[in-house]
Amino acid sequence: MKILVLNCGSSSLKYQLIDMDNEEVLAKGLCERIGIAGSKLTHKAEGKDDYSLETDMPDHSVAVKLVFDALTDEKHGVVNSVDEIGAVGHRVLHGGTKFTESIVVNDEVKKVIRECFDLGPLHNPANLMGIEACEKVVPGKKNVAVFDTTFGMSLPEKAYFYAIPTEYYEKYGIRRYGFHGTSHTFVSHETIKFGGLDPEKAKVIVCHLGNGASISASIGGKGVDTSMGLTPLEGLIMGTRSGDIDPAAVQFIANHENKSVDDVLNILNKKSGILGMSGVSSDFRDVEKAAQEGNHMAEVALQAFRYRVAKYIGAYAAAMNGVDAIAFTAGVGENDIKARKLIVEEYLGYLGAKIDDERNNVRGKEALISADDSKVKIYLIPTNEELAIARDTLRLI
Ligand code: AMP
């Protein structure tokens with residue numbers, strides 16, 4: 001069975017076609033600038049020449065049609081007809097509190113995705129457009145919604161309630177939801193599998209460190225806490241996001257700079273994090289280079305990033321009354337050998353955690369990176385959100 005995975009943004013659409021018999025990616029690609037002049041499709045298929053097409057894509061339906069055309073094309077395609085594609089799995093940002101699991105899309109599911117526009121204003125409308133485009137272009141094909149928020153649905157009340165008047169939860173659903181949920185679920189399960197840990201009881205902390213960064217605690221793969229909150233702004237220091245901050249700073253900046261709350265939140269989302277601190281870049285490689293060249297605030301930004309990760313690991317080890325394994329994943333977690341080493345060596349000695357330099361000299365593949373006498377196992381576990389979505393889709397259809 002082949003499953004198509006779609007990740008729709010407001011003006012973009014990423015896709016992968018996965019053969020679930022061996023979980024291999026048969027083709028993947030990207031539609032950019034949907035609804036904007038200069039739209040382009042880029043398509044790569046196993047054993048075929050790369051293909052790109054510049055043509056008008058006024059909406060997501062046109063983009064989805066072009067994706068199916070590319071997949072079935074005689075020259076660049078990988079299937080003879082759309083009938084070979086069993087179903088489409090869609091990444092959906094926000095499922096509110098209604099969905100504790102991925103689900104086959106029907107009218108009721110679409111209604112809930114629409115009701116969550118308020119909570120995911122940048123993503124949910126685009127995610128729904130992708131689903132409706134598939135309904136139009138390949139009618140009858142099953143669509144499955146895989147939500148980024150379902151990992152957070154197993155959190156206990158003490159972890160997801162904010163200490164604000166309860167009426168705001170009741171009226172607007174203001175609570176911790178957490179994001180990167182597909183990644184946290186996938187990596188925590190892979191860690192248990194790869195490490196041969198107890199599938200029911202293993203206490204695992206997953207550090208998803210990429211341009212967006214979050215950290216989670218889970219027991220037996222079930223989420224007990226996660227660092228992102230109502231929105232992806234809370235928690236760790238990220239490429240451009242501030243992470244945790246005293247909300248009074250928002251009022252202070254707004255008053256002194258004559259800005260609205262929306263303006264300041266835009267700054268906290270897009271101009272803060274290691275970009276805002278260093279003034280150099282949101283890309284960790286650039287900031288590391290600047291730090292090596294003596295840029296003081298670039299060095300402070302990297303130190304603060306590691307310090308915040310370590311504080312969350314400490315908090316989650318306490319929340320679970322122990323930790324069996326820590327897994328690093330995503331762009332920085334999978335590739336930044338030095339960041340992994342420093343987080344463990346600078347801060348995690350009290351847990352008895354020890355890195356093994358030789359084992360840690362690895363990028364982008366599953367590996368144990370802790371020393372034999374480390375009291376906590378430390379792993380590199382590459383995330384694969386598309387595969388996680390495809391597995392859920394296959395299971396549900
Ligand atoms: P992601 O959002 O998961 O794609 O991660 C993107 C981030 O990973 C960027 O900030 C990159 O700088 C960072 N990254 C990728 N490769 C490396 C590397 N070799 N060393 C440090 N950071 C890296």
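Take the conditions touching a Cys at 6+ places or on another chain (Cβ under 7 Å), crowded, with 20+ Cβ neighbours inside 10 Å and of a type in the set (A, V, I, L, M, F, W, C) and apply them to residue 92. Does it pass? No, not satisfied. Filtering segment 154-186 down to residues that are in contact with an Asp or Glu (Cβ under 9 Å, 6 or more places away or on another chain), hydrophobic (A, V, I, L, M, F, W, C) and outside any helix (DSSP H, G or I), which residue is surrounded by the fewest Cβ atoms within 10 Å (Cβ to Cβ)? In this case the residue turns out to be 155.
In segment 354-383, how many residues are more than 16 Å from the ligand (Cβ to nearest atom) and either within 26 Å of the chain's Cα centre (by Cα) or among the charged types (D, E, K, R) (or both)? Total satisfying the criteria: 16.
The residue that is surrounded by the fewest Cβ atoms within 10 Å (Cβ to Cβ), counting only those in segment 33-56 that are over 24 Å from residue 79 (Cα atoms) and in contact (Cβ under 8 Å) with a residue 12 or more places away in the chain, is 38. Scanning segment 193-211 for residues that are more than 16 Å from the ligand (Cβ to nearest atom) and within 18 Å of residue 333 (Cα to Cα) turns up 194, 195, 204, 205. Hey, among the residues in segment 320-353 that are in a loop (DSSP other than H, G, I, E, B) and away from the ligand (no atom under 12 Å from the Cβ), which one's surrounded by the fewest Cβ atoms within 10 Å (Cβ to Cβ)? The extreme case among them is 321.
This table checks each residue for (1) of a type in the set (Lys, Arg); (2) within 27 Å of residue 151 (Cα to Cα); (3) away from the ligand (no atom under 16 Å from the Cβ).
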residue: 213; (1), (2), (3): no, yes, no
residue: 219; (1), (2), (3): no, yes, yes
residue: 237; (1), (2), (3): no, yes, no
residue: 266; (1), (2), (3): no, yes, yes
residue: 281; (1), (2), (3): no, no, no
residue: 290; (1), (2), (3): no, no, no
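It is to be established whether one or more residues within segment 303-313 are modelled with pLDDT of 95 or more, more than 14 Å from the ligand (Cβ to nearest atom), more than 17 Å from residue 245 (Cα to Cα) and buried (at least 19 other Cβ atoms within 10 Å of the Cβ). So far as segment 303-313 goes, yes, one or more of its residues are modelled with pLDDT of 95 or more, more than 14 Å from the ligand (Cβ to nearest atom), more than 17 Å from residue 245 (Cα to Cα) and buried (at least 19 other Cβ atoms within 10 Å of the Cβ). Evaluated against (1) assigned to a loop (DSSP other than H, G, I, E, B); (2) crowded, with 16+ Cβ neighbours inside 10 Å, residue 201 falls short on exactly one condition, (2).
The values are calculated or read from the model by the stated rules, or taken from the named source; none is laboratory data. Note that the structure is predicted; figures quoted are calculated from it, not measured. Neighbour counts run over all protein chains shown; Cβ positions are idealised from the backbone, glycine included.
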